[in-house]
Amino acid sequence: MEGRKAPVIVIGGGASGILAAITVKSRGIPVVICERMSRLGRKILASGNGRCNLSNDKLDSSHYNSASKRLVDSVFNKFGKNDIIRFFESHGLKIYSEEGRVFPVTNQSSTVLKILEMEFARLSIPVEYDFQVSKVTEIKAGFVVLSASGRKVAGGAVILACGGRSYPALGSDGNAYDIAKAFGHTIIGPVPSAVPLVVKDELCHDLQGQKIGVRIKSLICGKVASESSGDLLFTKYGLSGTAILDISREISVAINRDKLRDAAVSIDMTPFMSEAELVSELSKRLRAGVPAEDLIAGILPNKFGPAMKELLRVKDAKLIAKTLKDKRFKVLGTRGWNEADFTAGGVNSSEVDADHLASLIVRGLYFAGEILDVDGKRGGYNLAWAWASGHVAGIGAATCVK
Ligand SMILES: Cc1cc2nc3c(=O)[nH]c(=O)nc-3n(C[C@H](O)[C@H](O)[C@H](O)COP(=O)(O)OP(=O)(O)OC[C@H]3O[C@@H](n4cnc5c(N)ncnc54)[C@H](O)[C@@H]3O)c2cc1C
């Protein structure tokens, strides 16, 4: 057969594929990466607003959703938060923590990628760039990996590390779910996570661009599904900001996967004041004859008074306070894949061996990273999963071909 041969083939050169390849080659086993883009790690460069929040000091499986918590536990038992830090530090990356979130001291994701590229060069790991894998065929001696343009690579084990569906311009668009499906794996419906929400409410229109600190709850069929605190950003289509991204997963699963229509958010717009304090403050202002539009001046940004004038004109301190502490927005949908930081869903992790991330269906096939139905909270958990699962799948594939 023409084309390259290597005992282990890694499909996808993102965070998980890079770690997998380094792990395999460090064990003395030749490996090749097939990457559809013309460079590695595009998503690493975009991560953390260009700062790359690469892990979290509180790393453990409680911060993840997956069909198999056991699998997530098993991976972090093999390559946990200290191993991730040790890996990067031993390759020369200086790092620091900010409220538990781990960053390179340079605050530049390109530094993280540079360190990984240097290790690739040191280990002489070959990369087949612009290699869009379209088909993986099982043969007697392993697998043949075919590109859309007819290129071929053959090997004994394959690690599928093609990412999820978010930010398709960076390379991962969910095309590789079909490769997993062709081998008999099932896919748990991928939906955008860490994604802004679509809301039809005049307040969003009137307050677009305004950001406030809030406490927030997601409500699915009237029941609290998730809670968070952080920034709320009003946009012309609805709601964004860190607090929204944090609770968006449950809403996205309900609307996009389970096709439920009863989803809402409850927002405490004044988390720094209790309802009783707010009632007392508003009553004082009402008694002093403060005009309706100025009633919440100094409590919320200036634009909120005019935008909430209908409520404020009621001049009922209790009703105003209740609304500000529990402002409801019905959620009509989520924004799309171009605005979602990660994917909830993917290859069903209960079909994957928890020890080495090997397929329980096809011998020699491994999975790593966001392609699996494992998604973590914001705060470095998704890259941590990519590094750790890449390392563990790398050990599995290296052992398989020995
Ligand atoms: C804007 C943004 C910011 C983020 N910030 C953070 C952060 O700060 N901290 C954090 O923990 N997480 C962050 N995430 C999430 C995190 O970056 C991802 O979860 C992680 O990079 C996933 O790594 P991966 O290797 O599984 O997939 P990817 O990084 O998506 O890599 C998959 C690779 O496979 C390639 N590929 C796909 N299909 C094929 C094919 N058929 N043939 C060949 N190659 C293929 C793709 O081109 C890509 O290079 C962020 C995500 C986004 C979009």
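The values are calculated or read from the model by the stated rules, or taken from the named source; none is laboratory data. All of these numbers come straight from a predicted model, not from anything done at the bench. Glycine also receives a Cβ, built like all others from the backbone with ideal geometry; neighbour counts cover every protein chain displayed. Calculation scope for accessible area: heavy atoms of the full protein, side chains included, ligands and nucleic acids excluded. Shrake-Rupley method; radii C 1.70, N 1.55, O 1.52, S 1.80 Å.
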Starting from the amide H of LYS5, placed 1.01 Å from N in the peptide plane, find each other amide H under 5 Å away whose residue is 5 or more places distant or on another chain.
-> ALA154
Total Lys pairs in segment 77-184 closer than 19 Å by alpha-carbon, pairs eight or more apart in sequence or interchain only?
-> 5
Could you work out which residue, out of ARG122, ARG378, ARG70, moves most in a Gaussian network model of the chain, that is, has the largest mean-square fluctuation with Cα springs under 10 Å?
-> ARG122
Mind grabbing the accessible area of CYS221 for me, 1.4 Å probe, Å², rounded to tens?
-> 70 Å²
In Å, what Rg and Dmax follow from the Cα atoms of segment 254-402?
-> 25.4, 82
Could you give the length gained on full extension between ASP294 and SER124, defined as 0.36 nm per residue of separation minus the Cα-Cα distance, in nm?
-> 54.5 nm
Grab the Cα-Cα distance for ASP353 and GLU89, subtract it from 0.36 nm times how many residues apart they are, and report the gain in nm with one decimal.
-> 92.1 nm
Listed by chain and number, the lysines with an alpha carbon less than 16 angstrom from that of LYS318, same-chain partners under 8 positions apart left out, are LYS284, LYS309, LYS327
Net charge dipole size for segment 1-134 [Lys, Arg +1 and Asp, Glu -1 on Cβ; Debye, nearest 20] = 100 debye
For segment 197-334, the percent of accessible surface on carbon and sulfur atoms (probe 1.4 angstrom, ligands and nucleic acids excluded) is 50 percent
Hey, what's the Cα Rg ratio for segment 197-334 versus the globular rule of thumb, 2.2 N^0.38 Å?
-> 1.06
Could you look at segment 1-90 and say what percent of its accessible area is carbon and sulfur, using a 1.4 Å probe and all protein chains?
-> 44 percent
Rounded accessible area per residue of segment 197-334, 1.4 Å, Å² | 49 Å²
Alpha carbon convex hull of segment 186-268, volume per residue in cubic angstrom = 86 Å³
Determine the calculated [θ] at 222 nm for the chain from helices alone, applying -39500 (n - 2.57) to every DSSP H run no shorter than 4 residues and normalising by the residue count; nearest 500 deg cm²/dmol.
-> -9000 deg cm²/dmol
Out of LEU312, SER240, THR334, whose Cα points farthest toward the positive end of the dipole of the chain (charges: +1 Lys, Arg; -1 Asp, Glu; placed on Cβ)?
-> THR334
Just the ratio, please: alpha-carbon radius of gyration of segment 1-106 over 2.2 N^0.38 Å, N its number of residues.
-> 1.21
Loop-resident sites, segment 87-122, for GluC sites (Glu not before Pro), counting at most 14 other Cβ within 10 Å (DSSP) = GLU99
Length gained, ARG39-GLN208, 0.36 nm per residue minus C-alpha separation, equals 57.2 nm
Dipole in debye (nearest 20) - segment 197-334, about Cα centre, beta carbon charges: Lys, Arg +1; Asp, Glu -1 | 240 debye
Take the alpha carbon atoms of segment 264-279, find their center, do the same for segment 122-184, and report the distance between the two centers in whole angstrom.
-> 50 Å
Can you give the convex hull volume of the alpha carbon atoms of the chain per residue, in Å³?
-> 135 Å³
